[in-house]
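Worksheet: the structure to be examined is printed underneath.
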Amino acid sequence: MYSEKVMDHFLQPRNMGVIDNPDGVGEAGNPVCGDVMAVYIKVEDHKLNDIKFKTFGCVAAIAVSSMVSEMAKGMSLEEAKDISKKAIADSLDGLPKEKMHCSNLGAEALGKAIEDYERGVRNR
Amino acid sequence: MKIVYIDHASATPVRPEVKEAMFPYFDKYFANPSTVYDIGTRIKKEVDAQREKVADLIGAKGGEIIFTSSGAEANNQALKGVALGYQKKGGHIIVSGIEHHSVLNSARFLERLDFEVTYLPVDGYGLVDPERLRKSIRPETTLVSIMHGNNEIGTIEPIAELSSVCKEKGILFHTDAVGTVGNIPVDVNDLGVDLLSLSAVSMCGPKGIGALYVREKTRVMPLIHGGIQERGRRAGTENVPGIMGLGKAAELAKGEVRGKMTQLQDLRDALRSGISKHISRVHFTGHTDQRLPGHLSMCFEAIEGEALTFILSQQGIYINTGSACASKALKTSPVLVAISVKPEVAQGSAVFTIGSANTHEDITYVINRLPRMVERLRSYSPLWQNGNAR
């Protein structure tokens, strides 16, 4: 049902964990629906210097968060904001149709973490 | 790698004796049982002998057994067949809220044909209350369908009590006994039921064959029209190898069911105590004692069941889950909703169904690995903080 890449990211998720004193935090999803993703970022020179995540959810949700973190690491904030759910799913060699909302969640959580960082900068 | 298959509610391995009984009927004895010549009538005789064996397992008569393609078809036949057969008497049926999809969706189909359906709620163990059933009965009620053993939470319903409420009022009673026949002793007269569904899949028989018991003089409208097979109640050339397999499986189950029950209960209790000992924040679901012997179900807080199922399969352990993410519809299991499990907790559903091939070694293997896997997924989860669910 899942591609080898999905299983690889599920079984060995990259960047799993939290960042102490993060520059931005974003959370997406809701436990009632079965998926919650929390993304923590460190920003330097307008770039994503570090990124970590925690995920409650199915195989697809965990693989998506791992893939998003790998894709976004080192990107500029603008580039990272543009990561689409399709790009995430494609990088995982596809997701089952009913799991596409998981890749949406990955993009959403990352976007929220960047917004959180930008809000912090503005209010500084 | 060692394989520990603990998902016997989904499928069971076909026993060698059952396979043996089936094989000659693919090629050697291939004739159509409806033909008039000797090689056909001989097979017809064998088919009827299997009917007797299935009847014998549940305390019925051969003529009361209709062979079907599955337990799901038997459930469809019972609900639609009775509702349509007794349409002139009334248009109301009652089912419980925790029935198998083949009962619930048949009931919904009947609603589209303007029948009225009452969905009975259950308590926190999944039990239907006989008094509540009594109050739901109307003058136009023709059928009540309540399952015997629930596949998701293992609870065994008080069928004899429930059916006696219906008998008082002359209402037919059907039970979906796919989970129980072959796993515990089942007798249609002790249960007081008029119709009962069973499947070979639950008793180490082949897929693609089930049966519906229909008490004498009960009218069921056929769903499959055509020839006069199954006394005109189900058309289509018989699945002879399947019927031979079901007959053999029923014969074996008759002699072994009590011993199997004790064996499965023993393994289940060992699994339950191992899980309780090594894993925190776990909610066992269903009734503690009134439950299927090899059935253990639970929800682990802060993790999701599909992820758990996959991570365990990497360890050679095969289980099931009722989590929303594992259902293509992405809906929380209606059974877990009906017993009032919180939706976020219901996501962590895990269902272990032990079979007679499982051993204490298998249980130890699971207890040695399951806690680590649960812990690993919890370490990924933002809902798990400092050994507790957020």
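Yes or no: B:THR175 touching a Gly at 6+ places or on another chain (Cβ under 7 Å), crowded, with 24+ Cβ neighbours inside 10 Å and either of a type in the set (Val, Ile, Thr) or at pLDDT 95 or above (or both)?
Details: touching a Gly at 6+ places or on another chain (Cβ under 7 Å): no; crowded, with 24+ Cβ neighbours inside 10 Å: yes; either of a type in the set (Val, Ile, Thr) or at pLDDT 95 or above (or both): yes.
Taking the combined requirement at face value, the residue does not satisfy it.
Here's a check for you: in the stretch B:324-338, which residue that is in a loop (DSSP other than H, G, I, E, B) and not small (Gly, Ala, Ser) is modelled with the lowest pLDDT? Walk me through it before giving the result.
In the first step, residues of the stretch B:324-338 are kept if they are in a loop (DSSP other than H, G, I, E, B); the result is B:327-333.
Within this subset, residues satisfying the condition of being not small (Gly, Ala, Ser) are B:328, B:330-332.
Working: B:LYS328: 65, B:LEU330: 68, B:LYS331: 77, B:THR332: 82.
Only one residue fits best here, namely B:LYS328.
Please state which one of B:ASP289, B:ASP269 is acidic (Asp, Glu), away from chain A (no Cβ under 14 Å), at negative phi and not in a helix (DSSP H, G or I). Unique residue meeting the criteria: B:ASP289.
Looking at the stretch A:38-53, can you tell me whether even one residue there is farther than 28 Å from A:ASN123 by Cβ and at the interface with another protein chain (Cβ under 9 Å from one of its Cβ atoms)? No: zero hits.
Only one of A:ASP23, A:ASP35 is at pLDDT 95 or above and either crowded, with 24+ Cβ neighbours inside 10 Å or more than 8 Å from chain B (Cβ to nearest Cβ) (or both); which?
Values: A:ASP35 fails: at pLDDT 95 or above.
When all the criteria are applied, what remains is A:ASP23.
A count restricted to the stretch B:83-100 and to residues that are part of a helix (DSSP H, G or I) and either in contact with a helix residue (DSSP H, G or I) (Cβ under 6 Å, 6 or more places away or on another chain) or surrounded by 20 or more Cβ atoms within 10 Å (Cβ to Cβ) (or both) stands at 1. Only residues that are within 14 Å of chain B (Cβ to nearest Cβ), buried (at least 17 other Cβ atoms within 10 Å of the Cβ) and in a helix (DSSP H, G or I) were counted in the stretch A:77-99, giving 1. Scanning the stretch B:52-82 for residues that are surrounded by 24 or more Cβ atoms within 10 Å (Cβ to Cβ), of a type outside the set (Phe, Trp, Tyr) and under 11 Å from B:GLY210 (Cα atoms) yields B:VAL54, B:ILE65, B:ILE66, B:THR68, B:GLY71, B:ALA74, B:ASN75. Of all residues in the stretch B:156-176, those satisfying the criterion of being free of Cβ contacts under 8 Å to residues at least 60 places away in the same chain, closer than 22 Å to B:GLU64 by Cα and either among the basic types (Lys, Arg) or not in a helix (DSSP H, G or I) (or both) are B:LYS167, B:GLY170, B:ILE171, B:PHE173, B:THR175.
A quick yes/no check of all residues on (1) modelled with pLDDT of 95 or more; (2) crowded, with 24+ Cβ neighbours inside 10 Å; (3) in a helix (DSSP H, G or I):
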site	(1), (2), (3)
B:LYS277	yes, no, yes
B:PRO293	yes, no, no
B:CYS299	yes, yes, no
B:GLY322	no, yes, no
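Can you tell me how many residues in the stretch B:339-365 are of a type in the set (A, V, I, L, M, F, W, C), surrounded by fewer than 23 Cβ atoms within 10 Å (Cβ to Cβ) and in a helix (DSSP H, G or I)? Number satisfying all stated conditions: 1. Scanning the stretch A:29-46 for residues that are farther than 17 Å from B:SER333 by Cα and either in contact (Cβ under 8 Å) with a residue 12 or more places away in the chain or not in a strand (DSSP E or B) (or both) returns A:GLY29, A:VAL36, A:MET37, A:ALA38, A:VAL39, A:TYR40, A:ILE41, A:LYS42, A:VAL43, A:ASP45, A:HIS46. When every residue of the stretch B:348-359 is checked against the conditions, none turns out to be within 14 Å of chain A (Cβ to nearest Cβ), in contact with a strand residue (DSSP E or B) (Cβ under 6 Å, 6 or more places away or on another chain), under 18 Å from A:ALA63 (Cβ atoms) and of a type in the set (S, T, N, Q).
The one condition from (1) farther than 23 Å from B:ILE184 by Cα; (2) charged (D, E, K, R); (3) modelled with pLDDT of 95 or more that B:ASP362 does not meet is (1).
Return the residue satisfying two criteria in turn: it lies in the stretch B:101-140 and is among the aromatic types (Phe, Trp, Tyr) and assigned to a loop (DSSP other than H, G, I, E, B), and of such residues it is nearest to B:GLU161 (Cα to Cα). Even if it seems obvious, please write down each step before you answer.
Just the residues of the stretch B:101-140 that are among the aromatic types (Phe, Trp, Tyr), to begin with: B:109, B:115, B:119, B:125.
Narrowing further to those that are assigned to a loop (DSSP other than H, G, I, E, B): B:115, B:125.
Numbers: B:PHE115: 26, B:TYR125: 17 Å.
Taking the candidates together, the pick is B:TYR125.
Restricting attention to the stretch B:66-77, does a residue exist that is touching a Phe, Trp or Tyr at 6+ places or on another chain (Cβ under 7 Å) and touching a residue at least 24 places away in the same chain (Cβ under 8 Å)? Checked against the condition, which is being touching a Phe, Trp or Tyr at 6+ places or on another chain (Cβ under 7 Å) and touching a residue at least 24 places away in the same chain (Cβ under 8 Å), the stretch B:66-77 yields no hits at all.
Select from the stretch A:1-28 the residues that are assigned to a strand (DSSP E or B) and in contact with a Ser or Thr (Cβ under 9 Å, 6 or more places away or on another chain) and list them in ascending order.
A:MET16
The values are calculated or read from the model by the stated rules, or taken from the named source; none is laboratory data. Keep in mind that what you see is a predicted model, and the values were worked out from it rather than measured. Neighbour counts are summed over all protein chains in view; Cβ atoms, including those assigned to glycine, are modelled from backbone coordinates with ideal geometry.
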